[in-house]
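The values are calculated or read from the model by the stated rules, or taken from the named source; none is laboratory data. In this text, all values refer to a predicted model and were calculated from it rather than measured experimentally. Glycine also receives a Cβ, built like all others from the backbone with ideal geometry; neighbour counts cover every protein chain displayed. Remember, those area values only see protein heavy atoms, side chains included, never the ligands or the DNA or RNA. Shrake-Rupley method; radii C 1.70, N 1.55, O 1.52, S 1.80 Å.
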Amino acid sequence: MNSLDDMPVNDAIALYYEKHHAMRQGDMKKLLELKNKCPQIFDKEKDAQIRDMIDYCKAFQETDRYKELRRMELKEKLSVIHNEKITNE
């Protein structure tokens, strides 16, 4: 049994999406597994906190600052590849 407060944010968000997907599908088996794995995911307050965090992240992704940071991150990962012909002499 894991505590939402102790797990990484990405894991908490993944559990949130798993729970809501199972609820939409009516998958009681999956919901019971999630309840045993992390019962806090069914707490209304925790659910609202995760939803607010997701909404905030989505809003931030639309900002110019996020787009600038994303471009900078991509620039750091890119490298120039020089294509040199190998000649057999």
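Filter the chain for me: DSSP H helices, axial length by Cα at least 15 angstrom, mean Kyte-Doolittle hydropathy not below -1.0. List them by residue number.
On the way: long enough: 9-25 (24 Å, -0.68); 44-61 (26 Å, -1.04); 64-77 (20 Å, -2.21).
In the chain, the long hydrophobic H runs are 9-25.
State in Å² the accessible area per residue of the chain; use a 1.4 Å probe, count heavy atoms of protein chains only, and round to the nearest integer.
Working: 7800 Å² over 89 residues.
With the other protein chains kept in place, the chain gives 88 Å² per residue.
With Cβ to Cβ distances under 13 Å as the rule, what net charge do the other residues near Glu33 carry (K, R +1; D, E -1)? If you can, show how the numbers build up before the last one.
Details: positive: Lys19, Lys29, Lys30, Lys35, Lys37; negative: Glu18, Asp27.
Here the charged neighbours net out to +3.
Points 7 angstrom from Cα along the Cβ direction at Glu84 and Lys29: gap in nanometres?
Going from the Glu84 label point to the Lys29 one covers 5.8 nm.
Binning at 5 Å from 0, report for the chain what percent of all alpha-carbon pair distances ends up in each bin.
Calculated P(r), rounded to whole percents: 3, 11, 16, 15, 11, 9, 8, 8, 5, 3, 3, 3, 2, 1, 0.
How much of the accessible area of region 1-73, in percent, comes from carbon and sulfur atoms when a 1.4 Å probe is used? Walk me through the numbers on the way to the answer.
Values: 2920 of 5560 Å².
Accessible surface attributable to carbon and sulfur in region 1-73 totals 53 percent.
When only DSSP loop residues count, what trypsin sites (Lys or Arg not before Pro) in region 6-89 have their Cβ near at most 13 other Cβ atoms within 10 Å?
Lys85
Write out the GluC sites (Glu not before Pro) in region 17-83 meeting two conditions: DSSP loop, and at most 10 other Cβ atoms within 10 Å of their Cβ.
Working: sites: Glu18, Glu33, Glu45, Glu62, Glu68, Glu73, Glu76; in loops: Glu62.
Here the GluC sites (Glu not before Pro) that fit, given the DSSP loop and packing criteria, are Glu62.
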